[in-house]
Amino acid sequence: MRRFVLIIAFTLLCISTFGRAAYIVEGNDVIVDLDGFGVKSNILKVEVWSENMVRIVTSMNDDFIEADFSLFTRDENEIRFRTSHVQNDIEIVTNAMIVRVAENGLVRIMTRKGRRLFVESDRSFSSIENMPNTYKVQQSLFLQRNETIFGLGQNPDKKAFNLRGQSFELKQTENSIYSPIFYSDKNYALIWDNFSTTTFSDAPGGLTFTSEIADEISFFFIVGETWDVVTNQIIKYSGNTQLLPQWAYGHIANTTGCSSQQELRETINKLNTENIKIESQLANISVYEKEKEYENNASGRFKNIYAYKQLQSDFNNLNQNPGLNRPVMVTEINVPGIQQHGTFTSISQLTSTWNNFQKEVSYGITASLYGQAFWSSVPGGIARDNNINDESYRELLARWYQFSAFNPIFQSPSCDPGNWLFNESNPEALAIKKAINQRYALMPYIYSLAANSALNNEVMTRSLISEFQHDEKVFEINNQYLFGKSLMVCPVTTQGTKSRKVYLPSKSKWFDFYTGESYNGSKTIDTKADIQTIPLFIREGSIIPLLVKHENEKEDLADEIIEIRVYPGEDCSFTLYNDKGDGMGYKNGEYSKIIFDYTERRKTLTINSLEGSFEGMPASQMFKVVYMHDDEEVSENIQIAEYSGRRVRIRF
C-alpha cells in the first residue's frame, strides 16, 4: 500500500518535473523514485540524521526494509535542510554538507563550500538463487588521488596503516576485530551498514565494498570540521560512553587468559607477593563467554553483529545492578553502540611476535575511531609456549607492557606464571614495574580523560592525524599517538632498540616527559629508548596532573600528593575530575571538577573554584605545582598550593 501511495505521489510530481527523477520529503527523509530514470536501483532514500550525518539507502525492491540490526538510534526531531532540483540532480543541503542524487541514482557528497568528499562511481545488485529479493551487492566510489583513509577494524591482512591500495575481508576471528568504519583525512567517515561477509578493495579504478548477502545497499556518511566532530556524532547516535569504576583504569588482571578463576586468583596473589601492583577486582566475562558462543553459532550473514544484538538483555541486566556498581565487561565486539554498556574491547589470541606487536600498536591508534573510548591490548599476546629465559621474548613482553600502560585499559598478560619476570636482576622486570608505576602516577590524568569520554563523547586516545591534519608527515606514522590531547606516546616496536626516531608534529614545542628538555616541532629527533624507557613527550600549552610521593617535613601532608605540571608556551586548561570511584551517581551529577587555567602572557595558573560535590569528597587538598620551563628568568618553578575549594592564583 505504501508503495502504491508513493507511486501516485511520484507520478504527480513527474508531471511538473518531466525528464527529472522525482522525490518526496517525508519528515527528515528524502525519497527518490529512480524507476525509469536510474539504471542502478529502483528507489533511493537520503535520511538526514543531523546536519553532519546522513544515511543513504537504496534498493531494487519495491520498498525499504526496517533494519533489524541497526547500530544507531535516530533522533526524530526535525532537522533543518533544503531539497530542490539543480538541473537534473536532486540536491539535499544541510548546514554541513550537500548531497546530490544524479538521474542514474549515483550519489555525490560535498561540503557546503563545494569541496568534493564522496563520489559514487557504480553500484550493482546480483540476484541470489533461491533467495527472493536478496542480492550480492557492490558499491564503488572514487577517492581523491592524495586522500588517505584509516580504520576498518583490526585485521592481520592489513599491510599498512593507510588503507589505500589494499584489499582484505572484513571479518571477526580469533585474531581480528571487525569494525565497519573508515575515516578520511578529508574529515569524514563512512560506515558500511551491512554485516554479511564483506570485502574491501581499493585500486586505481576506485574503492569497492562487496557484501555477499543484502536486501539493499546502505551506508552512513558523517562529515565534520574535525575528526572529533565525526566521532562525537557516531557516539551520540549509537549510545553515550559509560564510565567504568576507577579501579578499572589501574593495572587489571586479564580475565580471558586463565583456565580457571582459581588460577587467576593465584596469579594475582603471586603478583602482590612480588610487590607488583594489580587490582584485586575483576572484569565480568559472563557476557564475553556468551558472545563467543553466539559468534560460533551465527550464520555468515550477520555473524559479526548477531552476538551484539543477542546480548542486549545481558548488557541491560548488568547495567541495572541493584548495588549500582558500574559494570566492567571485556568484549571483542567493536561496533558503534558497544561503548554504552560498560565495556572495553580486547583481543587475546595474538601470538607473541614483534610483527603482531607492531600491528597492535597500529590498530590501537585507530581503535577509538569506532566510538569505543576504552580498549586494551594484552601484553605479550598468547605466550604460554614462550620460555621466560628467552631474552627476545622478555624484551618483547617488556615493550608490549610499556605500550599497554598507555592504553585506556591496562591489562596484565595471560595467567601462565612464565609470563612474569619476577627476577629484579632482569632489566625487563624493572621495565615492567616502571610501566605499572607510571600508570598509577598518571591516574588523576587518566581518570579525568575517562570521565571526559563519558560526559562529553570524546575519546582517550587519538591519532596524530586527528590533531595535526595540516602536517602531512603524520599520515604514515603508525607508532606514535596521543593519550589525551597533551601526552604523545612513542612505543618501541623493534627488537634491540636503544634509541628511536620520534617525529614532533606541527610547530608546537614539545617537552621530554622525563627530563623536561624542550624541542621545537616539525622535525624528527633521536631520543633515548633503552629497555627502561618508552619515549613520552608533552606538547606545549598542557597541564598534566600526577600522583606522586610527597617528601616534606610537614607532618600534616599526605604521603601522596597531586602534582600539577604546567608546560608553558600557550594558554591551556585541564579539568581534574573526581567522584566516589564507583556507582551510577556520576550520571546524576555526583562528582566534582576543578578547572586549571594557565595564561601564557601573565605566566599565571588559576585553580578555579570547585564545581560539584559527591559523598565522601575531601574538604581540602594540597597541590604541588611544577612549572616546566627552561627560562632562567623564572625564579620559582615549584610551589605548594593549599586548596579548599576557592579560587587560587599562582604566578610564576
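The values are calculated or read from the model by the stated rules, or taken from the named source; none is laboratory data. As the structure is a computational prediction, the values presented were derived from the model and not from experiment. Glycine also receives a Cβ, built like all others from the backbone with ideal geometry; neighbour counts cover every protein chain displayed.
The set of residues from the stretch 111-137 being assigned to a loop (DSSP other than H, G, I, E, B) and basic (Lys, Arg) comprises 112, 113, 115. Name the residues in the stretch 88-98 that are in contact (Cβ under 8 Å) with a residue 12 or more places away in the chain and not small (Gly, Ala, Ser), would you? Hits for the stretch 88-98 are 88, 89, 90, 92, 93, 94, 95, 97, 98.
When restricted to residues that are within 18 Å of residue 243 (Cα to Cα), of a type in the set (S, T, N, Q), in a helix (DSSP H, G or I) and modelled with pLDDT under 90, the stretch 331-372 contains 1.
Within the stretch 624-639, restricting attention to residues that are out of contact with any Phe, Trp or Tyr (no Cβ under 6 Å at 6 or more places or on another chain) and at pLDDT 80 or above, the residue that is farthest from residue 514 (Cα to Cα) is 639.
Scan the stretch 599-615 for residues that are without any contact (Cβ under 8 Å) to a residue 40 or more places away in the chain and closer than 14 Å to residue 652 by Cα and the total you get is 2. The residues on offer are 108, 74, 55, and the sole one that is assigned to a loop (DSSP other than H, G, I, E, B) and either under 30 Å from residue 226 (Cβ atoms) or modelled with pLDDT under 95 (or both) is 74.
Here residue 4 clears all of (1) in contact with a strand residue (DSSP E or B) (Cβ under 8 Å, 6 or more places away or on another chain); (2) at pLDDT below 65 except the condition numbered (1).
Residues that are in contact with a Phe, Trp or Tyr (Cβ under 7 Å, 6 or more places away or on another chain) and over 17 Å from residue 413 (Cα atoms) were ranked within the stretch 278-295; the one that is surrounded by the most Cβ atoms within 10 Å (Cβ to Cβ) is 287. Got at least one residue in the stretch 159-173 being in contact with a Gly (Cβ under 9 Å, 6 or more places away or on another chain) and aliphatic (A, V, I, L, M)? Taking every residue of the stretch 159-173 in turn, at least one turns out to be in contact with a Gly (Cβ under 9 Å, 6 or more places away or on another chain) and aliphatic (A, V, I, L, M).
Of the residues that sit in the stretch 150-169 and are part of a strand (DSSP E or B) and touching a residue at least 40 places away in the same chain (Cβ under 8 Å), which one is surrounded by the fewest Cβ atoms within 10 Å (Cβ to Cβ)? Once the filter is applied, the top-ranked residue is 151.
For the stretch 93-100, the criterion of being in the same structural domain as residue 126 (by TED's automatic domain parsing) and within 25 Å of the chain's Cα centre (by Cα) is met by at least one residue. The single residue among 436, 432, 446, 465 that is assigned to a helix (DSSP H, G or I) and either at pLDDT below 90 or touching a His at 6+ places or on another chain (Cβ under 6 Å) (or both) turns out to be 436. Screening residue 429 with (1) free of Cβ contacts under 8 Å to residues at least 40 places away in the same chain; (2) over 25 Å from residue 505 (Cα atoms); (3) surrounded by fewer than 17 Cβ atoms within 10 Å (Cβ to Cβ) gives one miss only, at (3). Any chance the stretch 200-213 includes a residue that's over 25 Å from residue 306 (Cβ atoms) and touching a strand residue (DSSP E or B) at 6+ places or on another chain (Cβ under 6 Å)? Checking the stretch 200-213: at least one residue is over 25 Å from residue 306 (Cβ atoms) and touching a strand residue (DSSP E or B) at 6+ places or on another chain (Cβ under 6 Å). Scanning the stretch 175-203 for residues that are in contact (Cβ under 8 Å) with a residue 60 or more places away in the chain, among the aromatic types (Phe, Trp, Tyr) and within 18 Å of residue 158 (Cα to Cα) turns up 178, 183. Residues of the stretch 150-179 that are out of contact with any helix residue (DSSP H, G or I) (no Cβ under 6 Å at 6 or more places or on another chain), of a type outside the set (A, V, I, L, M, F, W, C) and closer than 21 Å to residue 296 by Cβ: 153, 155, 156, 169, 171, 173, 174, 175, 176.
Suppose the filter is buried (at least 22 other Cβ atoms within 10 Å of the Cβ), farther than 22 Å from residue 294 by Cβ, of a type in the set (D, E, K, R) and modelled with pLDDT of 90 or more; does residue 225 pass it?
no
One residue stands out in the stretch 417-426 among those that are under 29 Å from residue 537 (Cβ atoms) and buried (at least 16 other Cβ atoms within 10 Å of the Cβ): the one that is modelled with the highest pLDDT, namely 426.
Residue count for the stretch 71-86 under the criterion of being touching a residue at least 40 places away in the same chain (Cβ under 8 Å) and not hydrophobic (A, V, I, L, M, F, W, C): the result is 7. Taking the criterion of being modelled with pLDDT of 95 or more, among the small types (Gly, Ala, Ser) and farther than 16 Å from residue 194 by Cβ, would at least one residue in the stretch 123-131 satisfy it? No, the conditions are met nowhere in the stretch 123-131.
With the structure loaded, tell me whether residue 543 is within 18 Å of residue 443 (Cβ to Cβ), within 29 Å of the chain's Cα centre (by Cα) and at pLDDT 95 or above or whether it fails that test. Spelling it out, residue 543 is indeed within 18 Å of residue 443 (Cβ to Cβ), within 29 Å of the chain's Cα centre (by Cα) and at pLDDT 95 or above.
From the list 441, 450, exactly one residue is of a type in the set (A, V, I, L, M, F, W, C), touching a residue at least 24 places away in the same chain (Cβ under 8 Å), surrounded by fewer than 21 Cβ atoms within 10 Å (Cβ to Cβ) and farther than 15 Å from residue 365 by Cβ. Which is it?
Going through 441, 450 in turn, just one is of a type in the set (A, V, I, L, M, F, W, C), touching a residue at least 24 places away in the same chain (Cβ under 8 Å), surrounded by fewer than 21 Cβ atoms within 10 Å (Cβ to Cβ) and farther than 15 Å from residue 365 by Cβ: 441.
Screening 50, 41, 140 for residues that are at pLDDT 95 or above and either assigned to a loop (DSSP other than H, G, I, E, B) or at positive phi (or both) leaves exactly one candidate, 50.
Figure legend. Inter-residue proximity from the stretch 267-291: first residues more than 23 Å from residue 440 (Cβ to Cβ), second residues of a type outside the set (S, T, N, Q) and loosely packed, with under 14 Cβ neighbours inside 10 Å, beta-carbon distance below 7 Å, spacing 6+ or different chains. No pairs are indicated.
Highlighted here are the strands (runs of 3 or more DSSP E) found entirely within the stretch 517-617 that include at least 2 residues which are surrounded by fewer than 20 Cβ atoms within 10 Å (Cβ to Cβ): 523-528, 542-549, 560-567, 572-578, 591-599, 604-607, 611-613.
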